[in-house]
Amino acid sequence: MENKIALKIISDAELKAVAIKAEAEEKAKVTLGKADSEIAAMRSASEKAGERMLSEARRAAKVRAELQLKKDKLAAEKSVIDMVFSNAMKKIAELPKKEYLEIIAKLLAEAESGDEVRISEKDKDVITEAFVKKIADKLKIKLKLSKKYANISGGIILSGAVADKNLSLEADFKELRETYEPEVARILFGEAK
């Protein structure tokens, strides 16, 4: 009988173990199901975050590329405008002597009696003391051609007792550029700058 009791206890224990095992397996399935759902949700959230980050990175790269393109375009346009004004100034400096002296005569009209006229070294054979005296006599003023050369590409600098007047090609073209650059840009590129 003791054997039957022992068998009964063992049998009951085996049944209980099977029930506990089945319950544990069921809980494990539920836990694994939740874990799988959480993993899937995390994966989905991670993929969406990755897609958002990738989209943001693409958008930022596009904005940077567009800004760089605009910057490069403006630099190229500025370079062309620089070249236009530089070439125009060069053409003035290389005018035939007669035409160039007509321009210098107009600049000398801004002189005051007693001014000293400074020229570029390259103009020393063009703008002579005799030319300056001739213009001064027409204006009924006294002018003197300086022995010192100005560091300019053309035009003149009038040195007076009170102030100097920079009538060099560089100064004139700087002023012209400030005034006409938007118009030059519109003509060259079809837009106002």
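The values are calculated or read from the model by the stated rules, or taken from the named source; none is laboratory data. Keep in mind that what you see is a predicted model, and the values were worked out from it rather than measured. Heads up, the Cβs are rebuilt from the backbone with ideal geometry, glycines too, and the neighbour counts pull from every protein chain shown.
Looking at segment 76-100 only, could you name the residues that are exposed (fewer than 13 other Cβ atoms within 10 Å of the Cβ) and among the acidic types (Asp, Glu)?
Asp82, Glu94, Glu99
From Ile127, Ile103, Ile141, which residue is among the β-branched types (Val, Ile, Thr) and within 24 Å of Glu178 (Cα to Cα)? Steps first, please.
Values: Ile127 fails: within 24 Å of Glu178 (Cα to Cα); Ile141 fails: within 24 Å of Glu178 (Cα to Cα).
Just a single option satisfies the conditions, and that option is Ile103.
Provide a single number: the residues in segment 136-171 that are part of a strand (DSSP E or B) and either aliphatic (A, V, I, L, M) or assigned by TED's automatic domain parsing to the domain that holds Phe85 (or both).
Applying the first criterion (part of a strand (DSSP E or B)) to segment 136-171 yields 144-145, 150, 155-159, 164-168.
In the following step, the residues that additionally are either aliphatic (A, V, I, L, M) or assigned by TED's automatic domain parsing to the domain that holds Phe85 (or both) were identified as 145, 150, 156-158, 167.
Qualifying residue count, segment 136-171: 6.
In segment 169-193, which residues are farther than 16 Å from Lys78 by Cα and touching a helix residue (DSSP H, G or I) at 6+ places or on another chain (Cβ under 9 Å)? Give the steps one after another, and end with the answer.
Filtering segment 169-193 for residues farther than 16 Å from Lys78 by Cα gives 169-172, 175.
Within segment 169-193, Leu169, Glu170, Asp172 meet the criteria.
Checking Ala111 against (1) over 28 Å from Lys78 (Cα atoms); (2) part of a helix (DSSP H, G or I); (3) touching a strand residue (DSSP E or B) at 6+ places or on another chain (Cβ under 9 Å); (4) not aromatic (Phe, Trp, Tyr): exactly one of these is not met. Which one?
Here Ala111 clears every test but (2).
Looking at (1) within 17 Å of Leu176 (Cβ to Cβ); (2) in contact (Cβ under 8 Å) with a residue 60 or more places away in the chain, can you tell me which one Glu77 breaks?
The one condition Glu77 does not meet is (1).
Give the residue, chosen from Ile81, Ile20, that is assigned to a helix (DSSP H, G or I), among the β-branched types (Val, Ile, Thr) and in contact with an Asp or Glu (Cβ under 9 Å, 6 or more places away or on another chain). It would help to see each step written out before you state the result.
On the way: Ile20 fails: in contact with an Asp or Glu (Cβ under 9 Å, 6 or more places away or on another chain).
Answer to the selection: Ile81.
Working carefully through the options Ile39, Ile5, Ile9, find the one that is surrounded by fewer than 10 Cβ atoms within 10 Å (Cβ to Cβ), of a type in the set (Val, Ile, Thr) and over 30 Å from Tyr180 (Cβ atoms).
Details: Ile39 fails: surrounded by fewer than 10 Cβ atoms within 10 Å (Cβ to Cβ); Ile9 fails: surrounded by fewer than 10 Cβ atoms within 10 Å (Cβ to Cβ).
After ruling out the rest, the residue left standing is Ile5.
For a quick check of your reading of the model, give me the residue pairs whose first member lies in segment 172-183 and is in a helix (DSSP H, G or I), whose second is modelled with pLDDT under 90 and surrounded by 11 or more Cβ atoms within 10 Å (Cβ to Cβ), with beta-carbon atoms closer than 6 Å and at least 6 apart or on different chains.
Sorted first by the residue in segment 172-183, then by its partner, the pairs are Phe173/Phe85; Phe173/Met89; Arg177/Phe85; Pro182/Lys193.
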